[in-house]
Structures are given as structure tokens and as C-alpha cells.
Amino acid sequence: MASRLIDVVSTWAVPLFLVAVPVYGAIKKVKVYESFVEGAKGGVQTAVRIIPYLVAMLVAVGMLRAAGAIDLMASALDPLLSRIRFPSEILPLAIMRPLSGSGSLGIVTELVSTYGPDSFIGRLAASAYGSTETTFYVLAVYFGAVGVRKTRHAVVAGLTADVVSLLVAFLVCRLAFM
Amino acid sequence: MLNYIWLAMVVLAVVLGGINGRIEEVTKAAIDAAGGAVTIAIGLIGVMALWLGVVKVAEDSGLMKLLSRAIAPVLKWLFPDVPPGHPAMGSMTMNIAANLLGLSNAATPLGLKAMQDLESLNKAPGVATNAMCTFLTINTGSVQLIPATMIGVMAAAGSKAPTEIIGTTLAAGVAALAVGVAVARLLQNLPLFAVRRQEPEARPGPPASEKPGEGA
């Protein structure tokens, strides 16, 4: 029931927003078309500004993947995580998730079809994927948009959140599905 | 930090690629990724322009200010450096709302707008502020009421109950968000992560007016 409601909200949020803001603007005597165009100009600049940051990040991630580093890191972590009976099948996904959105989506899809969508592995993979974002991509794009190069503690905080989401997904899935 | 991580990634890739005999693939991946980055950025122009346009209308009509005032009590403790009524409060709120609803097409442009609004409060351009790092942590985590992509993957694979993962995904996301933000707030005061050439934190004056040409 609640999920149905949220579904309706996410379907209608964008169109409602796109109509409500200009209507409110018109009521407040804003020249909505001119104002929109003025704001939209920023889109090109912002997109162009993030290009160098995005190139740097995606090239490094792409090279790592091509070299087979993801599997290597996964097998390096395996002995550590097998102590808490963390399934080693999920490890490549865990390594890939903060690095590449499309790469990790590919791994989840494969895990889900190999082990079945209603299997423990399938559900854990989906929960782990959905509970975090592609940290390095977000860092590159968001900081790139404002030309920030000294990122201070953002990387550590973001990666800590990734580890927590993975471990909590494991714990909660064990409680719910085992 | 990223200096070291980036260097480590590139070095590891070339060394491993050499050992694994995959150096040609590594080269190809580098070239392809460089082109792919531009494709992604160019693809962003349209949605960026759309959302920045609408947000500008919201700003000119005073809607953003209303929103930031309304949400300030909630966001104040997360972002103590951002004055209530500042445009950044409004754009951050819209970004967080879009993320919650899983509207990633809207979330990124609104998030970048929020970063630019936060940049108007930055006294050391090129260096991340505390508010930026906290905001980034909220965005590198993911709290989605409906993880639509994953439900789609499960359904496509023939799941009998594709929505079973909503609860577990949400729980993990919320836990990661809470810990991530706490860690960000703890680390921001460590000398290791201090802002160089730091001046006494003067409260910025009245809500900064629009600065379309913020420094890059």
C-alpha cells in the first residue's frame, strides 16, 4: 500500500513540479520564460566544467577494470570477510559499486540471473546495489561542478558509508531472508 | 586524498595489466573512458538546463527562499555553516527530495546547483567546505523510498516478490547515511583535513544574492 503511494508520488513529482513552479512564478509576476532561459544557460557551462574531472575519474576506473583489478581486490578481501560468512560471490560487486555504476549494474544483473532473483545472493546483491551510489563518480561530478580539487574528508566519509551499507545490507538480509 | 587514490588506481592498473597480459585492454579502456566521459557530460547538458531553468524561476518568484526557510530548522544542524534562507538550503532540499523519490535525472542537476550555491559561501575556492563534504556524503549514499532500478532487475529475472528488497535496501541506506554523515562531521575538525589558510569563521551576511558566474 505504502509502496503504491510512493510509486504514484514519484510518477507525478516531476510533472507537478514543472507546472507548479512556473504557475507560482506567474502569480508572482515573474517573466517565467525569460527567467527559465536565463537559468538554463548555466546547464551548458556546468556540463562542460565537469568534463576534465569526469575524464580523470572514468579513465582510472576503466583502466582498473580492464586490468582485472576488481577480481584481484575481491579475492584479497575474501579471507577477511569470510570470517563473518559474507558470501564471496558478492565481493566483486562490493568493490565495483563505488567505482562504476554501469559496471556494478552488470554484476548485479548477472548475480540475480545466476542465483535467481529470490535467492539470498540475489536479494543481497540488489539490496547492496540500491543502498549506495557510485561514490567516485559523484565525487568527480559534484566537486568538478565547482572546481574543487582539495576534497578533504569527503572520500573517507563516502567510502565509510559504502562499507556500512554493504555490511548492514548483509545483516538485514540475513535477518529477513535466511 | 584523491591525488593518492587516483595515482594508485592508474599505477595498479598498468602494473596488473602488464602481469595479467592485458595491457592492450587497459590502453583501450583508457581511451574509451576518456571519450565516454565527454558523452556523459554532453548528455547532462539538456537535463541540467531544464532543471536550472526551473530552479531559476523558483528563485525569481521567491519560492526557493520560502522552501529554504521552511526546511532550515531540519537542515540547520547538518549544515551549521549555511545561513537559513540561503539558496543552498533550497537546492539541497530539492536534491534530497529527488534522491528519495529515485528521480536521478533531476537529482544530479539539482545537486550540482546546490554545490554551486554552497560554493558562494566558500572562502577558499578549490577547497571543499564542511557543508560540501556533508552534502556529498548524503549523495554518495543512497536513501531511496523505492529502489526502482533494482525492483526492475528482480522483476525482469522472474522474481515472485520483486518488492521484498525495499525494506532491506532502505535499512542499509539509512544506516550508511547516518554513519557517513557522523563520520564526515567528526573528520572535518581533524588537522589532517583542515582547510589550509584558514581564517576565523565569519558568519556570512544576508543570504547571498544570485551568483551565476561562480568561480571555477
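The values are calculated or read from the model by the stated rules, or taken from the named source; none is laboratory data. Quick caveat, the model's predicted, so the values are computed rather than measured. Glycine gets a Cβ as well: all are built from the backbone with ideal geometry, and neighbour counts include every protein chain shown. Just so you know, the surface numbers come from the protein's heavy atoms only, side chains and all, with ligands and any DNA or RNA stripped out. Shrake-Rupley method; radii C 1.70, N 1.55, O 1.52, S 1.80 Å.
Average partner chain C-beta neighbours within 10 Å, per residue of B:87-100?
1
Output the 0 to 90 degree angle, nearest 10, between the alpha-carbon long axis of helix A:135-144 and the longest principal axis computed from the alpha carbons of chain A.
30
Taking the 0 to 90 degree range and rounding to the nearest ten, how far is the long axis of helix A:32-66 tilted relative to the main principal axis of chain A, both from C-alpha atoms?
It works out to around 20 degrees.
I'd like the trypsin sites (Lys or Arg not before Pro) in the stretch A:1-57 restricted to DSSP loop residues with at most 16 other Cβ atoms within 10 Å, sorted by number.
Loop-located and lightly packed - A:K28, A:K29, A:K31.
Using a 10 Å cut-off around each Cβ of peptide B:59-71, what is the average number of partner chain Cβ atoms that fall inside?
Average neighbour count from other chains, rounded to a whole number: 3.
Which of A:V19, A:V59, A:V108 ends up with the largest GNM mean-square fluctuation for chain A, with Cα atoms connected below 10 Å?
A:V19
Determine the total buried accessible area between chain A and chain B, counting protein heavy atoms only with a 1.4 Å probe; round to the nearest 100 Å².
Details: alone 12090 and 13880 Å², together 17810 Å².
Looking at A and B, the buried total is near 8200 Å².
Normalised by the residues of the stretch A:44-177, what does the relative contact order come to in percent, with Cα pairs under 8 Å and at least six apart?
So the answer I get is 29 percent.
Please sort through the DSSP H helices of chain B and keep those with an alpha-carbon extent of at least 24 Å along the long axis and a Kyte-Doolittle average not below 1.6. Provide the component values of the computation, followed by the final result.
Details: long enough: B:2-19 (25 Å, 2.22); B:23-60 (54 Å, 1.21); B:165-187 (32 Å, 2.02).
Span-like helices in chain B: B:2-19, B:165-187.
Which whole-number percent is the relative contact order of chain B (Cα, under 8 Å, 6+ apart)?
17
For the protein assembly as shown, what is the number of Lys pairs with C-alpha distance below 15 angstrom, counting only pairs 8 or more positions apart or on separate chains?
The result is 15.
Return the long-range amide H neighbours of B:K76 (sequence gap of 5 or more, or a different chain), with a cut-off of under 5 Å between placed amide H atoms.
Answer set, sorted by chain and number: none.
Let me spell out the model: positive unit charges on the Cβ of Lys and Arg, negative unit charges on the Cβ of Asp and Glu, origin at the Cα centre of chain B. What dipole size does that give, in debye rounded to 20?
Approximately 320 debye in magnitude.
As a check on your grasp of the helix formula, calculate [θ] at 222 nm for the protein assembly as shown: sum -39500 (n - 2.57) over DSSP H runs of n ≥ 4, divide by the residue count, round to the nearest 500.
-24000 deg cm²/dmol, from helical runs alone.
Taking only protein heavy atoms and a 1.4 Å probe, what accessible area per residue, in Å², does the stretch A:40-103 have with all protein chains in place?
The answer is 41 Å² per residue.
What's the carbon and sulfur percent of the stretch B:1-129's accessible surface, probe 1.4 angstrom, rounded to a whole number?
70
Compute the helix-to-body angle for A:154-177: its Cα long axis versus the longest principal axis of chain A, expressed 0 to 90° and rounded to tens.
Compared with the principal axis, the helix lies near 60 degrees.
Roughly how crowded by other chains is peptide A:20-28, in terms of the mean Cβ count from those chains within 10 Å of each of its Cβ atoms? If you can, show how the numbers build up before the last one.
Numbers: counts 3, 10, 5, 2, 6, 9, 2, 1, 5.
Mean shielding count: 5.
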